[in-house]
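A.B. asks: Dropping a structure here in structure tokens format, bear with me for questions.
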Amino acid sequence: MALLNIGFGNLVEATKIVAIISPDSAPAKRRIAEAKKSGEIIDATQGRKTRSVIFMESGCLVLSAVLPETIYARSQEGEPL
């Protein structure tokens, strides 16, 4: 199991990630609102501004305060825990 650091000591399983997007578009905001209503959201921002939305295979969303580009770079580096 390969874990990926998404900021502030929070980790997700890298192989279960479907997409990482910016939260600024209207469709992303709609999907975040839907996930909050249905309880399918994990907020890993530690109270900071949401900078990326991670879609998982299970259908849940993970909010992160780290930019999508940074998360991608970490996944390519195989950043150690």
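What follows is calculated from the coordinates using simple rules that are stated; it is not laboratory data. No experiment lies behind these values; they were computed from the predicted model shown. Cβ atoms come from the backbone with ideal geometry, glycine included; neighbour counts cover every protein chain shown.
A.B. asks: Looking at the structure I just gave you, is A19 over 14 Å from I6 (Cβ atoms) and in contact with a strand residue (DSSP E or B) (Cβ under 7 Å, 6 or more places away or on another chain)? Outline the logic, then answer.
C.D. replies: Working: over 14 Å from I6 (Cβ atoms): no; in contact with a strand residue (DSSP E or B) (Cβ under 7 Å, 6 or more places away or on another chain): yes.
In short, no.
A.B. asks: Further question: Checking M1 against (1) surrounded by 12 or more Cβ atoms within 10 Å (Cβ to Cβ); (2) in contact (Cβ under 8 Å) with a residue 12 or more places away in the chain, which test does it fail?
C.D. replies: Only one criterion in (1) surrounded by 12 or more Cβ atoms within 10 Å (Cβ to Cβ); (2) in contact (Cβ under 8 Å) with a residue 12 or more places away in the chain is unmet by M1, namely (1).
A.B. asks: Hand me the list of strands (runs of 3 or more DSSP E) wholly inside the range 12-81 holding 1 or more residues that are surrounded by 16 or more Cβ atoms within 10 Å (Cβ to Cβ), in contact (Cβ under 8 Å) with a residue 24 or more places away in the chain and of a type in the set (V, I, T).
C.D. replies: Details: elements: 17-21, 41-43, 52-56, 61-64.
So the answer is 17-21, 52-56, 61-64.
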